[in-house]
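Peer 1: To start, I am sharing the structure in question, which I have written as structure tokens.
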Ligand code: GDP
């Protein structure tokens, strides 16, 4: 396939120490050779060995632009599987842009977002699941997600899919052969055998789908809010949860209200605690969580932590907050906070549970009591089966999940045909459908527009 040579800034455009301009394509070396010189202005990229680093200067005509290191990676041993030259320049935005412009003037075209990775895919170096893993890796916000993407980048999903596809293809080929040449191929009893094999695939496929639901929650975190009337201990609880692990504060762009999100790892569970009402600002008591505010944040949440003060009787405000959680049918757990306080008439767990039909956990932000029980509750409420983070396959991407579902339903149709005693040529149609759906997962038999859509979601320079 004839491909033009592309270039882009591959690093983030901020005040980094160095930036990289990446050039990929047949003319990568030629383009770099035109602008890269030593101190005496002699060309130094004549016939470099692959995977070598060269020191020199970038010139735009007579203008010295930057002092750089140039890395050369010969096809196919590069990210894109094409000839790649990377120019490590000084980090400033202006400098990096000038280097890129010079590269573009000398025979390269600006790469589209994701185009480097798309080329790696089109050149057969990686499959679609591996390409998607690259994007996931870049966007990973926690350890689980990072490990999972790395695993997927090494081809964990591709290998599994290829195995199942090979076995399906074997069955399809056998059936075709038997239908063509009944004298030499036996079909008596074949249906039962196939049925058993399909059971194995189905079991595995369903397990992967179940894992994937866990995987998505583990990767993205469970969107959580902490509600309750003033002074019950919401910000203390938030601080406790955040303080347990390093917190990552991320600003969600594109929302009208600025919602702050704290990512919290509670034992092995990731929570994204949305701090809509700024419950960490302790000085502004009046402004603190009121019923109105709770309402908004509850709408956003998958999980509500409803905080009550153990040492005080329930009030109308507690009941109102309860109603709004209940009306929105949210998963909620009551944290009966301040259980460290000595008090004559504490709230009784039993009574609270009877009145507010949510699970109740006794908690003390001050004594740091109750986080383990909270994690256990969340595990039961949100995750299916055991939570293994190693070695399991998680599809964290909806496209992949839908294709596995498609393959599963085609295989179920084959089982139906077997059960109903349909002629064997019925089996091949649905077996082929399953085979094709799995092929689309790894990028075989996918339409160009699907490929384009996947890579468009990438960032520039990747
Ligand atoms: P918020 O208004 O719901 O955010 O409540 P704060 O977190 O600001 O807490 C209100 C007051 O209760 C503060 O003085 C906290 O120190 C105190 N507090 C919070 N949690 C506990 C707890 O578990 N035990 C005790 N004894 N005091 C607590």
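The values are calculated or read from the model by the stated rules, or taken from the named source; none is laboratory data. Owing to the predicted nature of the structure, the values given are computational and were not obtained by experimental measurement. Note that we place each Cβ from the backbone using ideal geometry, even for glycine, and neighbour counts take in every protein chain shown.
Peer 1: Answer with yes or no whether residue 127 is under 21 Å from residue 8 (Cα atoms) and touching a residue at least 24 places away in the same chain (Cβ under 8 Å). Show your work before the answer.
Peer 2: On the way: under 21 Å from residue 8 (Cα atoms): no; touching a residue at least 24 places away in the same chain (Cβ under 8 Å): yes.
No.
Peer 1: Hey, another quick one. So which residues in the stretch 85-102 are over 12 Å from residue 20 (Cα atoms) and buried (at least 22 other Cβ atoms within 10 Å of the Cβ), if there are any at all?
Peer 2: 102
Rundown of residues vs (1) modelled with pLDDT under 95; (2) closer than 17 Å to residue 101 by Cβ; (3) in the same structural domain as residue 97 (by TED's automatic domain parsing), yes/no style:
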{"site": "32", "(1), (2), (3)": "no, yes, yes"}
{"site": "35", "(1), (2), (3)": "no, yes, yes"}
{"site": "43", "(1), (2), (3)": "yes, no, yes"}
{"site": "46", "(1), (2), (3)": "yes, no, yes"}
{"site": "51", "(1), (2), (3)": "no, no, yes"}
{"site": "56", "(1), (2), (3)": "no, no, yes"}
{"site": "62", "(1), (2), (3)": "yes, yes, yes"}
{"site": "71", "(1), (2), (3)": "no, no, yes"}
{"site": "74", "(1), (2), (3)": "no, no, yes"}
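Peer 1: From 226, 237, 138, 222, grab the single residue that is under 16 Å from residue 396 (Cβ atoms), buried (at least 17 other Cβ atoms within 10 Å of the Cβ) and touching a residue at least 40 places away in the same chain (Cβ under 8 Å). Steps first, please.
Peer 2: Numbers: 226 fails: under 16 Å from residue 396 (Cβ atoms); 237 fails: under 16 Å from residue 396 (Cβ atoms); 138 fails: buried (at least 17 other Cβ atoms within 10 Å of the Cβ).
Criteria check complete, one pass: 222.
Peer 1: Any residue in the stretch 315-333 that is within 10 Å of the ligand (Cβ to nearest atom) and crowded, with 17+ Cβ neighbours inside 10 Å? Break it down into steps so the answer makes sense when it comes.
Peer 2: As a first pass, look at the stretch 315-333 and keep what is within 10 Å of the ligand (Cβ to nearest atom): none.
No: zero hits.
Peer 1: Taking the stretch 335-373 as the region of interest, how many residues are in contact with a helix residue (DSSP H, G or I) (Cβ under 9 Å, 6 or more places away or on another chain), within 20 Å of residue 303 (Cβ to Cβ) and either at pLDDT below 90 or away from the ligand (no atom under 14 Å from the Cβ) (or both)?
Peer 2: Of the residues in that region, 5 qualify.
Peer 1: Still on this model: Can you say whether residue 453 is part of a helix (DSSP H, G or I), within 24 Å of residue 136 (Cα to Cα) and at pLDDT below 85, as far as the supplied structure shows? Full working, then the answer.
Peer 2: On the way: part of a helix (DSSP H, G or I): yes; within 24 Å of residue 136 (Cα to Cα): yes; at pLDDT below 85: yes.
Considered against the rule, which asks whether it is part of a helix (DSSP H, G or I), within 24 Å of residue 136 (Cα to Cα) and at pLDDT below 85, residue 453 comes out as yes.
Peer 1: So, one more: The conditions are (1) more than 16 Å from the ligand (Cβ to nearest atom); (2) more than 25 Å from residue 221 (Cα to Cα), and residue 383 fails exactly one of them. Which is it?
Peer 2: The single condition residue 383 does not satisfy is (2).
Rundown of residues vs (1) at negative phi; (2) at pLDDT below 80; (3) within 16 Å of the ligand (Cβ to nearest atom), yes/no style:
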| residue | (1), (2), (3) |
| --- | --- |
| 225 | yes, no, yes |
| 229 | yes, no, yes |
| 235 | yes, no, yes |
| 242 | yes, no, yes |
| 262 | yes, yes, yes |
| 265 | yes, no, no |
| 268 | yes, yes, no |
| 290 | yes, yes, yes |
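Peer 1: Is it the case that residue 117 is touching a residue at least 40 places away in the same chain (Cβ under 8 Å) and either closer than 17 Å to residue 395 by Cα or exposed (fewer than 15 other Cβ atoms within 10 Å of the Cβ) (or both)?
Peer 2: Numbers: touching a residue at least 40 places away in the same chain (Cβ under 8 Å): yes; either closer than 17 Å to residue 395 by Cα or exposed (fewer than 15 other Cβ atoms within 10 Å of the Cβ) (or both): no.
No, not satisfied.
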